[in-house]
Amino acid sequence: MAGLSSTVKYPMKFPVMPDRLDNLQLIPPPPSRFTLSEWYLNNASRYRAADDQQQLADRVLEEGSRMRDETEELVKTNKSEVDHRIEEKLKNLQYRQHELNKQRKHLCVEIDALETYMDRMYDCLDHLRKKLIENCKRCINLREGRLGIDLVFDDVDRELSKEFELLKGVEAMLTRMQEQAKEQIRQLKASRHYIDRELHDLDAAIKIDEANRDLRESSLNLSLYQGHQLHSSDIAQAETDMYSQMNMEQSAKRVNDARMLKSYIDTLLTQLYEDSCQQGNAVNESFRRRIDEIKEAKTKLEQRHHETARQANEMTRNITALQKAIQEKEGFMALAHTRLGNRAQRLRMELCRDDVETSLTAEVMQIQAAVTELQNQLAHAEASLRYLLKMQIQLEEDINVKTNSLKIDEVECLTVRDAMDYHKY
């Protein structure tokens, strides 16, 4: 090829026919050739790139080893910290459980004691109403039955009036005290209920934390919650402690109030016994009387009893109508809730607050407001019915007293007084 190039200095030119130009084909140029320096340079570049990648890989390996060690130390430290926190929490829960159980025992003791005091006051009131007041009232009515010159206001009438006022005051005071004791028992039972509920929650929390304390990373019953919110509540620990402390303080206060109430009841019963005995002795020294004009009082009581019974029946029908109205609203409320629940299953952008949603929400609020008003009215009606029935019972007791007094119109008052015995309760 070198000889040929040196021999041929001018290439030969052949004429090209115009009609053969379309048959010519282009020959691709030969590949470019690199110089030797470029070859060395390329190899050196590859060496450096390989060395850089190896160094980078070494750093990645070292970083991975370091991160494994750090994360292992981190999770072990976190687990140790959590185990310590769980153990402290368990001690705190067990301490609270112990204190609550101790407070619950105090509540139970005071509830039993107050129920015993309630029985004492009930027996005292029962004896007071059936024996003392009834017999005293019989004597007063016998004295009112006197005719002519015998119908005078003498010392016996004065002492009987004083005794009757005293006994009625005792009845009212014991009734008020009985209501206070009943309310105190209700408060004690409410505190016990709150403590029982807190103890139930504490027991569940202790079982959960004990189970968590015994768990290990190699346990078989472990679970992963992907995409779920694991924070079960926004209640702070301070709020929980405040709630527990409030229950303890409230129950302790109610226990203290119950003890003071018992002491007051003891003092009251003793004082009432002494005053009743003193006045009874004063009446017995000059007592003789008969009863009259009981029919007028009995008739008035019967009229009021009849009116009270009529109102009680009317109030019962009103309560039935209110209960029926509330039951009817429950169907509409269930319908609105069901519609809201069904619409809550809409997907993606369709789950919007449209007019239907607004109407359903407004309907639920209106039904709730209506039910609340009906329930309030029902509560007022039931309270009124209870008062009417209580008044009806009281009127029946007074009517029975008057009826019984009429039967003994001809019996001497001293015979009645012999049945009036005073003793402590």
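The values are calculated or read from the model by the stated rules, or taken from the named source; none is laboratory data. Just so it is clear, the model here is predicted, and its values are computed rather than measured. Virtual Cβ from ideal backbone geometry, glycine too; neighbours counted across all protein chains shown. Accessible surface areas use protein heavy atoms only, side chains included; no ligands, DNA or RNA. Shrake-Rupley method; radii C 1.70, N 1.55, O 1.52, S 1.80 Å.
Take LEU128 and decide whether it is within 30 Å of HIS200 (Cβ to Cβ) and modelled with pLDDT under 90. No, not satisfied. The residue that is nearest to the chain's Cα centre (by Cα), counting only those in segment 109-141 that are free of Cβ contacts under 8 Å to residues at least 12 places away in the same chain and more than 15 Å from LYS182 (Cβ to Cβ), is VAL109.
Screening ALA211, ALA236, ALA204 for residues that are more than 30 Å from ASP119 (Cβ to Cβ), without any contact (Cβ under 8 Å) to a residue 12 or more places away in the chain, more than 24 Å from the chain's Cα centre (by Cα) and open to solvent by less than 90 Å² (accessible area, probe 1.4 Å) leaves exactly one candidate, ALA211.
What residue, among those in segment 94-118 that are among the polar types (S, T, N, Q) and crowded, with 16+ Cβ neighbours inside 10 Å, is nearest to LEU202 (Cα to Cα)?
Top of the filtered list is GLN97.
For segment 79-88, the criterion of being open to solvent by less than 70 Å² (accessible area, probe 1.4 Å) and under 28 Å from the mean Cα position of the chain (by Cα) is met by at least one residue. Checking the structure you have, find out if any residue of segment 333-343 is of a type in the set (Val, Ile, Thr), at pLDDT 70 or above and surrounded by 13 or more Cβ atoms within 10 Å (Cβ to Cβ). No: segment 333-343 contains no residue that is of a type in the set (Val, Ile, Thr), at pLDDT 70 or above and surrounded by 13 or more Cβ atoms within 10 Å (Cβ to Cβ).
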